[in-house]
Amino acid sequence: MANEGSFEASQKRSDEIRADLAGHPEKYTMLTGDRPTGRLHLGHYFGTLKGRVELQDMGVRTNILIADYQVITDRDTTEHIQDNVYNMVMDYLACGIDPEKTMIYTHSAVPACNQLMLPFLSLVTEAELQRNPTVKAEMEASGHELTGLLLTYPVHQACDILFCKGNVVPVGRDQLPHIELTRTIARRFNNRYGKVFPEVDALLSDTPLLPGLDGRKMSKSYGNAISISMTAEETAKRIKKSQTDSERMITFDPENRPGVSGLISTAAICTGRSELEIAEEIGMGGSGALKKYVTETVNEYFAPIRERRAQFENDLDYIKDVLNEGNKRANEIANQTLAEVQEAMGMVY
């Protein structure tokens, strides 16, 4: 994690950018993305997707990467990856991403973006890569040995951000080391070869992390996540099966009552109400009344999103067209940026 002083500076800069966005959205190019390892869930929606739509609708140049190559940083298979990619595009569109305003593309379809890895790797040291705390955390979580791809994962992210001249990246605090390394790479390239890349800033999220239904981190592998693509009936079933405790009185206590509190947090973020207010209202109704309330609030909030998604599920050709068009635009941008890089480096023959 970035040190406290670095975090405070990043937070101050992020606040300045947010204040400037409404009046000058044209100054900003945003890059963000997801790994297609499974279905997107409520944590993704409230943590990132909702904010992306807001930036897009403000007039910021928005770009969303589906990081298919990064799936293999910590996994031994790409099984189901095509299905995951198509479903991710469906989720994006259903949640309000407009392909006329936002470029949606995949890593594997943009060779020039990935080619930036070679000059960028020459600008960082092994020690700088080794001490990145996010890489260490991801390696420990996966249980895998440290592969070359995982070690250079932050450099790959720098390619993603800089190929489209991105200057703002929505992230949580734990991702700040990646942004700092991207800034370092851009600065070193510009100093060594000539200015090509912008300074990059983190746009820190002010949305609290939404826990899973059991209070742990929301994850498909834990079975505690509600996917955007779930039906109302599947959502009800998932919530009904979630673990609570034997105490009838409903209270919000994340440390001692993680299951109950995870459910309350889900209802709170869907309704805009406070966790304490919801807990007091349910009171002695017990876990049955709480689960009923959470089911109703989630299904009501996501009903229009799921209705739009159902339309996209029946039009796979359109989903493919969106992705092909995004890949085409990304290639045009990446080829232009690579040409600028090669010119700056004197590699035009």
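The values are calculated or read from the model by the stated rules, or taken from the named source; none is laboratory data. Keep in mind that what you see is a predicted model, and the values were worked out from it rather than measured. Every residue, glycine as well, gets a Cβ built from its backbone with ideal geometry; the counts of neighbours run over all protein chains shown. Only protein heavy atoms, including side chains, enter the accessible area calculation; ligands, DNA and RNA are left aside. Shrake-Rupley method; radii C 1.70, N 1.55, O 1.52, S 1.80 Å.
Can you name the helices (runs of 4 or more DSSP H) wholly within the range 36-120 that have at least 3 residues being surrounded by fewer than 21 Cβ atoms within 10 Å (Cβ to Cβ) and either under 13 Å from the mean Cα position of the chain (by Cα) or β-branched (Val, Ile, Thr) (or both)?
Values: elements: 50-58, 81-95, 111-115.
In the range 36-120, 50-58 are the helices (runs of 4 or more DSSP H) which contain 3 or more residues that are surrounded by fewer than 21 Cβ atoms within 10 Å (Cβ to Cβ) and either under 13 Å from the mean Cα position of the chain (by Cα) or β-branched (Val, Ile, Thr) (or both).
Can you name the residue in the range 65-93 that is of a type in the set (S, T, N, Q) and touching a residue at least 24 places away in the same chain (Cβ under 8 Å) and is also farthest from Glu325 (Cα to Cα) among such residues?
In this case the residue turns out to be Thr73.
Take the range 314-349 and flag every residue that is open to solvent by 50 Å² or more (accessible area, probe 1.4 Å), under 17 Å from Ile104 (Cβ atoms) and assigned to a helix (DSSP H, G or I). Write out each step before concluding.
Within the range 314-349, the first condition is being open to solvent by 50 Å² or more (accessible area, probe 1.4 Å), and the residues that meet it are 314-318, 320-321, 324-325, 328-329, 332-333, 335-336, 340, 342-343, 346-349.
Still in the running and under 17 Å from Ile104 (Cβ atoms): 315-318, 320-321, 324-325, 328-329, 332-333.
Scanning the range 314-349 gives Leu316, Asp317, Tyr318, Lys320, Asp321, Asn324, Glu325, Lys328, Arg329, Glu332, Ile333.
Select from the range 241-256 the residues that are closer than 15 Å to Asn224 by Cβ and surrounded by 13 or more Cβ atoms within 10 Å (Cβ to Cβ) and list them in ascending order.
Ser242, Gln243, Thr244, Pro254
Can you tell me which residues in the range 218-237 are at pLDDT below 85 and open to solvent by 50 Å² or more (accessible area, probe 1.4 Å)?
The answer is Lys220, Ser221, Tyr222.
Got a sec? Which of Val85, Val110 is in contact with a Ser or Thr (Cβ under 7 Å, 6 or more places away or on another chain) and not polar (S, T, N, Q)? It would help to see each step written out before you state the result.
On the way: Val110 fails: in contact with a Ser or Thr (Cβ under 7 Å, 6 or more places away or on another chain).
Just a single option satisfies the conditions, and that option is Val85.
Check the range 137-144 and report whether any residue there is outside any helix (DSSP H, G or I), at pLDDT below 95 and over 20 Å from Val341 (Cα atoms).
Restricting attention to the range 137-144, the residues satisfying the condition of being outside any helix (DSSP H, G or I) are 143-144.
When the remaining residues are screened for being at pLDDT below 95, the result is 143-144.
Subset that is over 20 Å from Val341 (Cα atoms): 143-144.
Within the range 137-144 (the criterion being outside any helix (DSSP H, G or I), at pLDDT below 95 and over 20 Å from Val341 (Cα atoms)), the answer is yes, since at least one residue qualifies.
Given Asn299, Asn314, which one is more than 17 Å from Leu65 (Cβ to Cβ) and touching a Ser or Thr at 6+ places or on another chain (Cβ under 7 Å)? Please lay out each step first, then the result.
Working: Asn314 fails: touching a Ser or Thr at 6+ places or on another chain (Cβ under 7 Å).
Going through Asn299, Asn314 in turn, the sole match is Asn299.
For Asn167, indicate whether it is touching a Pro at 6+ places or on another chain (Cβ under 7 Å), surrounded by 15 or more Cβ atoms within 10 Å (Cβ to Cβ) and either more than 19 Å from Thr29 (Cβ to Cβ) or at pLDDT 95 or above (or both).
On the way: touching a Pro at 6+ places or on another chain (Cβ under 7 Å): yes; surrounded by 15 or more Cβ atoms within 10 Å (Cβ to Cβ): yes; either more than 19 Å from Thr29 (Cβ to Cβ) or at pLDDT 95 or above (or both): yes.
Here the answer is yes, as Asn167 does meet what is asked.
If you check Gly286 against the conditions, is it at pLDDT 95 or above and surrounded by 14 or more Cβ atoms within 10 Å (Cβ to Cβ)? First the steps, then the outcome.
Working: at pLDDT 95 or above: yes; surrounded by 14 or more Cβ atoms within 10 Å (Cβ to Cβ): yes.
It is true that Gly286 is at pLDDT 95 or above and surrounded by 14 or more Cβ atoms within 10 Å (Cβ to Cβ).
Considering the range 182-203 alone, what residues qualify as being within 18 Å of the chain's Cα centre (by Cα) and crowded, with 22+ Cβ neighbours inside 10 Å?
Taking the range 182-203 first, the residues within 18 Å of the chain's Cα centre (by Cα) are 182, 200-203.
Residues satisfying the conditions are Thr182, Val200, Ala202, Leu203.
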